[in-house]
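**Student:** Please see the structure below; I have some questions.
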Amino acid sequence: MAGFEASALNRRDQKVERLIRWLFLLMTLLLILPVFVILIFLVIKGWPVMSMEFLFTEPSNGMTAGGIFPALVGTVWLVAVALLFSVPIGVAAAIYLSEYASDNWLTRVINLAIINLAGVPSIVHALFGVGAFVLFFGFGTSILAASLTLGIMTLPVVIVSTREALQAVPMAFREACWNMGATRWQTIRHVVLPNALSGILTGIILEVSRTAGETAPIMFTGAAFFLPFLPQGVFDETMALSLHLFVISTQVPNVPEALPYGVALVLIGIVLAMNSLSIAFRTVLRRRKKW
Amino acid sequence: MGSPESAEVAGAVEGAGVAEGAGVAASFAEDADARTMAWYVDKGVEILVFIGGVSAIIFIFGIFGFVMKEGAGFIAGSLDLGEFFTSPRWAPTSSYNPTYGALALIAGTASVTGLAMLLAVPFSLGTAIYIAEFATGRIREILKVLVELLAAIPSVVWGFIGLSIMNPLIIDLFNVPVGLSVLNSGIILGLMAAPIMTTIAEDALKAVPDTYREAAEALGATRWQVVFRVVLPAAKNGLVAAVLLGVGRGFGETMAVLMASGHSINIPTSVFDSVRALTATIAAELGETAVGSDHYKALFALGIFLFLVTFIINLTADLVIRGVRKR
Amino acid sequence: MVSDSGHLSRFGHQDNRKSPQKNGLTDAGAVGTPPEPRPVAGDPPKLVVRNVSISYGKKMVLRDVSFEVRQNEIFGIIGPSGSGKTSLLRALNRMDFFVPGMSVQGSILFGGREVRMWRNVYALRRKIGVVFPLPVGLPLSVYDNVSLAPRLSGVRDPRRLDEIVERCLQRAALWDEVKDRLNSLGSLLSGGQQQRLTIARALSQEPDLLLLDEFSIAVDPVTTMRIEDVLQGLRQEMSIILVTNLVQQARRLADRTAFFLMGECVEVGDTEAIFSGDVKDPRTRAYVEGRFG
């Protein structure tokens, strides 16, 4: 902006500026566009097999034909049981971290543990699931064992998003409540949680999307390659969409080309729909001001 | 967790007040000392959420403990650690001479992760810089949402993409016999790790106070000079942490690497070689082993190794980020 | 137990002073009547602050402060910002617990009882109402803002809650403005309305002591005057500590006034005396006359 300086220098600066801006935009596009090309390719290849029949019938002919219904239902089971386990624990942990914990060594260790829960390889979670739930607790390979493994693995998603939602509620509201003689829990229950609820829901939707896509943790803990009937309870094994995609694209010979594309499309559809829902939810939330 | 009640009473004038207003104090006593229902509920909830809070610690110890329980005996007993780290021969099912050399697997993981980082780090940082420093308004929001959606694609779908889209593409483009290779899984892994690194790097850039930028701009620096001379150095630790977490993600990724790397035990000499990763080995072999066998335990030993390496990476990233906060 | 009845009953010792208005809430008309029962020095004081020092870590913000607040008195605290006034208020209802590193030395007797000896700290806070400098309308409906405290202490009867809400809003001079939108968000009212909502909320606790911390900062002059009228009326049922940086506000309202300066209580005395120049410390006169601060 230094107007009295040599304008030639300024013009050169502006040129460099524009060049660099374009360079970074190019990098961004190179990162994002290929993925969209791939996704479009997936849609084109998978669309032909999409039908009500595909979604609501069982696989047949050694999984080279038919639909994906048992896998779809199995994924719903796995996600639901995982949520039943991880949401209460995750929300409690987030409430502790946001509302009770002071900045001490214990809080640091808890935060480190959360980072590591998210960072430990999914196959190590699978080993843990086998060692703990399948063998030690004797659940066998079952929905219960697989869902507990998934739940622990995705716990950080719930904790982190809930904590963010809680911390977005201004401190002044809590103080006002405490000054009225409300206990900490009364304050949380009547003022903090109601105002963080939609943020928490956003996090839970995100967790659904994460949980539905995981494969490695359920491979040895409860998901079966092929099981033509639906699970009746949490101690049954089940098929799952993610594992089904792995199985028919690597383990089964003579699968028609379009079939795995169809499965991939359904899986990615569920995951992206859940994610978009969560993002839309968040955007609406930001617009609707309550204070 | 000190409760309000446990705050110590300053000794100086203790009790004096009770004497002074003896009659008054009596009427207060009931309210002052009553433990109401709300009080007990509050304490109960405090204990419950505390348990929730420490559960993360319990789980992480549980994971380490149970993986150790299955694998530690083998490491202490029959596993030759020298062989483990130096021999490229992973042949746990060999009937006459089972060997447990993880070198080729480590090389597989390292080569794939290395290539992925080589590809993903510049693009991720570039994207983060563009989103945080150059893009404005709607475009910034849209780019952020897109990056977030990329991060959501499940790893088994990425593996499938490597298997059925990248594989023929690489065979055609480079005229090689196999397309499942370091190159394929490196690209896939790079695409997977990039959104995470971008998000964390962008957070780090955002954390640099605007006053820094304003001060530099007031001195007549252009936007890119501000970014390179002021913002990037200030956000250095956060960016390092972003890369570290990306490495951790790549290192621990299972399904995509299992499906796209070719799965042959091999120390790679070119990017077109097939390799096999540590994670993929566990995923591929655990189903075929008998519980309690040496092979089974050896896979848990690989798990312990994976756990420790990712733990160290995460710990380092955390310390690096904390360095930023301290300053 | 602080159950319905416990929380609504007033303290026994007040009864001898003003038995006709035993339950303050039953007499909404009290707002307009002139303040009859003036504080008398001989009464047992409502609040005794003795040798109180407050520090955050190593930094001391209040040094060895002592004063008393009598029954039915408006006690003004004036002084430039940074004198430790707000910290003192925090210590009175034990909110210091929520501030890391804040420590309180000395003795604070509320109703003759050391505040740190209350096992049920929530009952203590309920008996001490607080109004902040910046109004805080909770993100609940106007109705819930005022009915929350009674509900938390066990009042369930909806008719009773309706009554409490209406009375408290009326006494805070807000009822007429919000009676048609009791279900709209309290946090979206205007600043002046939120401040009166805060007062109504404080009244819903039926406090014995009301702490007002520079309540007029975010409020227009007209609303300020209205609130001042409200306070005049409230004096009949409770003691009020009015922290203010408007010297004239203390002069208008307070029976006695304390002057705080840089963490020290320079002077405590009758408001009239302090404003007529009858002071022990020259700094008090300088401040009151507007020569610094």
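The values are calculated or read from the model by the stated rules, or taken from the named source; none is laboratory data. Bear in mind that the values here come from a model prediction, so they are computed numbers and not experimental data. Cβ sites come from the backbone with ideal geometry, for glycine too, and all protein chains shown count toward neighbours. The protein model used for the area step is the full one, side chains on, heavy atoms only, and it has no ligands, DNA or RNA in it. Shrake-Rupley method; radii C 1.70, N 1.55, O 1.52, S 1.80 Å.
**Student:** Pull up the range C:255-293, narrow it to residues that are charged (D, E, K, R) and more than 20 Å from C:V48 (Cα to Cα), then point me to the one that is surrounded by the fewest Cβ atoms within 10 Å (Cβ to Cβ).
**Tutor:** Taking the range C:255-293 and keeping what is charged (D, E, K, R), we get C:255-256, C:264, C:267, C:270, C:272, C:278, C:280-281, C:283, C:285, C:289, C:291.
Checking the rest, the ones that are also more than 20 Å from C:V48 (Cα to Cα) come to C:272, C:278, C:280-281, C:283, C:285, C:289, C:291.
Numbers: C:E272: 13, C:D278: 12, C:K280: 13, C:D281: 13, C:R283: 17, C:R285: 18, C:E289: 11, C:R291: 9.
Result: C:R291.
**Student:** Would you mind finding the one in B:V227, B:V243 that is touching a residue at least 40 places away in the same chain (Cβ under 8 Å), touching an Asp or Glu at 6+ places or on another chain (Cβ under 7 Å) and of a type in the set (V, I, T)?
**Tutor:** After ruling out the rest, the residue left standing is B:V227.
**Student:** Taking the stated definitions as given, is B:S94 surrounded by 16 or more Cβ atoms within 10 Å (Cβ to Cβ) and either over 24 Å from A:V109 (Cβ atoms) or out of contact with any His (no Cβ under 8 Å at 6 or more places or on another chain) (or both)?
**Tutor:** no
**Student:** Within the range A:83-102, is there a residue that is within 11 Å of chain B (Cβ to nearest Cβ), among the hydroxyl-bearing types (S, T, Y) and part of a loop (DSSP other than H, G, I, E, B)?
**Tutor:** Yes, because at least one residue in the range A:83-102 is within 11 Å of chain B (Cβ to nearest Cβ), among the hydroxyl-bearing types (S, T, Y) and part of a loop (DSSP other than H, G, I, E, B).
**Student:** It is to be established whether one or more residues within the range C:157-168 are under 28 Å from B:W39 (Cβ atoms), under 17 Å from the mean Cα position of the chain (by Cα) and of a type in the set (D, E).
**Tutor:** no
**Student:** Against the definition (open to solvent by 50 Å² or more (accessible area, probe 1.4 Å), without any contact (Cβ under 8 Å) to a residue 60 or more places away in the chain, under 30 Å from A:L31 (Cβ atoms) and more than 14 Å from every other protein chain (Cβ to nearest Cβ)), how does B:A76 come out, yes or no?
**Tutor:** So B:A76 fails the test.
**Student:** Being open to solvent by less than 40 Å² (accessible area, probe 1.4 Å), away from chain B (no Cβ under 14 Å) and among the hydrophobic types (A, V, I, L, M, F, W, C) is true for just one of C:V131, C:V121, C:V115, C:V155. Which residue is that?
**Tutor:** Exactly one of C:V131, C:V121, C:V115, C:V155 is open to solvent by less than 40 Å² (accessible area, probe 1.4 Å), away from chain B (no Cβ under 14 Å) and among the hydrophobic types (A, V, I, L, M, F, W, C), namely C:V131.
**Student:** Next up: Tell me which residues, restricted to the range B:238-294, are among the charged types (D, E, K, R), over 27 Å from B:T198 (Cα atoms) and either open to solvent by 40 Å² or more (accessible area, probe 1.4 Å) or facing chain A (nearest Cβ under 9 Å) (or both).
**Tutor:** Selection gives B:E288, B:D294.
**Student:** Find the residue count for the range C:39-94, including only residues that are acidic (D, E) and farther than 19 Å from C:V266 by Cα. Give the steps one after another, and end with the answer.
**Tutor:** Going through the range C:39-94, the residues acidic (D, E) turn out to be C:43, C:64, C:68, C:73.
Retained after the next criterion (residues that are farther than 19 Å from C:V266 by Cα): C:43, C:73.
Result for the range C:39-94: 2.
**Student:** Condition first: over 14 Å from B:L205 (Cβ atoms) and assigned to a helix (DSSP H, G or I). Now tell me which residues in the range B:120-147 satisfy that.
**Tutor:** Within the range B:120-147, B:A120, B:V121, B:P122, B:F123, B:G137, B:R138, B:I139, B:E141, B:I142, B:V145, B:L146 meet the criteria.
**Student:** Can you confirm whether the range A:210-225 contains a residue that is away from every other protein chain (no Cβ under 11 Å), part of a loop (DSSP other than H, G, I, E, B) and more than 30 Å from A:V130 (Cβ to Cβ)?
**Tutor:** For the range A:210-225, residues away from every other protein chain (no Cβ under 11 Å), part of a loop (DSSP other than H, G, I, E, B) and more than 30 Å from A:V130 (Cβ to Cβ): absent.
**Student:** Could you list, in sequence order, all residues of the range B:177-191 that are within 14 Å of chain A (Cβ to nearest Cβ), open to solvent by 10 Å² or more (accessible area, probe 1.4 Å) and assigned to a helix (DSSP H, G or I)?
**Tutor:** The answer is B:I187, B:L191.
**Student:** Right, here's the next one. Quick check: is even one residue across the range A:31-39 on the phi < 0 side of the Ramachandran plot, within 14 Å of chain B (Cβ to nearest Cβ) and touching a residue at least 12 places away in the same chain (Cβ under 8 Å)? Give the steps one after another, and end with the answer.
**Tutor:** The first filter runs over the range A:31-39 and keeps only residues on the phi < 0 side of the Ramachandran plot, leaving A:31-39.
With within 14 Å of chain B (Cβ to nearest Cβ) added as a condition, the list becomes A:31-39.
Imposing the further condition that a residue be touching a residue at least 12 places away in the same chain (Cβ under 8 Å) reduces the set to A:39.
Yes: one or more hits.
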